[in-house]
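For reference, the structure is listed below as structure tokens.
The values are calculated or read from the model by the stated rules, or taken from the named source; none is laboratory data. Since this is a predicted model, take the numbers as computed values, not measurements. Note that each Cβ is placed from the backbone with ideal geometry, even for glycine, and that neighbours are counted across all protein chains shown. Side chains included, ligands, DNA and RNA excluded: accessible areas come from the protein's heavy atoms. Shrake-Rupley method; radii C 1.70, N 1.55, O 1.52, S 1.80 Å.
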Amino acid sequence: MTFAIRTYIIIVIAAICPAFRAMAANAFKTDIFDLESAMQYCNETELEGPEGIWEFVEDETLVLLKKEKRGGKDYDIIIISTPDCRLKPGERIGSLQRSAKRGKYKMNLFVSRNMGILTDSRICLAEYIDKEDAMQVHPMKLKISVRTMWFLPKFWRSLRISFDNPAAELPHGLLRVYPRNEPSKPIYL
């Protein structure tokens, strides 16, 4: 092996190592990997706003909403447990960002993985409902309607067909698991 080839290989390796370190830093690993450590975090930390353990009801995924460490006022969404084998406990899968209106947040959730790193986030509205200790998620919707009745004769324009699915109207979102906001009970004298 000549000196030029050896030098070239050393330069390539030296250039790749910082890139791998940067990828590892962007993975946002935390020290919370299970329900016990998440509950310990909730007990030892003064929680504010939506911080706590939540469950995505539709897919039985437990997450921890935790104030971000990067100096901002947003919250990280960290996996505690999930039936999805592609997600690992302790992995940051998104974030909640405050808005100007109290109780409404912009939720970013990662939907794909590239070279082991979660990427390509989707944005939706998360609305905190204090009485129910729940957070409803309203995704972006695209609605297109074409009025095909204009192409039909007058008799067929009067015919209207509609389908009603009550299950489709159920709200999607998260339920708080820990710490629950218990309603205050009056003390009778």
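Skip the ligands, DNA and RNA, and give the accessible area per residue of region 44-127 with a 1.4 Å probe, whole Å².
55
What does region 41-138 give for Rg and for Dmax, in Å, if only its C-alpha atoms count?
In Å, with Rg to one decimal and Dmax whole: 13.2, 42.
Can you pull the percent of region 22-116's accessible area that's carbon plus sulfur, 1.4 Å probe, other chains left in place?
Of all accessible area on region 22-116, carbon and sulfur atoms account for 52 percent.
Going by average Cβ density within 10 Å per residue, which order do the peptides 90-100, 165-175 take, highest to lowest?
Peptide ranking by packing, descending: 90-100, 165-175.
So who's got an amide H within less than 5 Å of the one on E68, skipping anything under 5 residues away but keeping other chains? H placed 1.01 Å off N, in plane.
Hits under the 5 Å cutoff: D74, Y75, D76.
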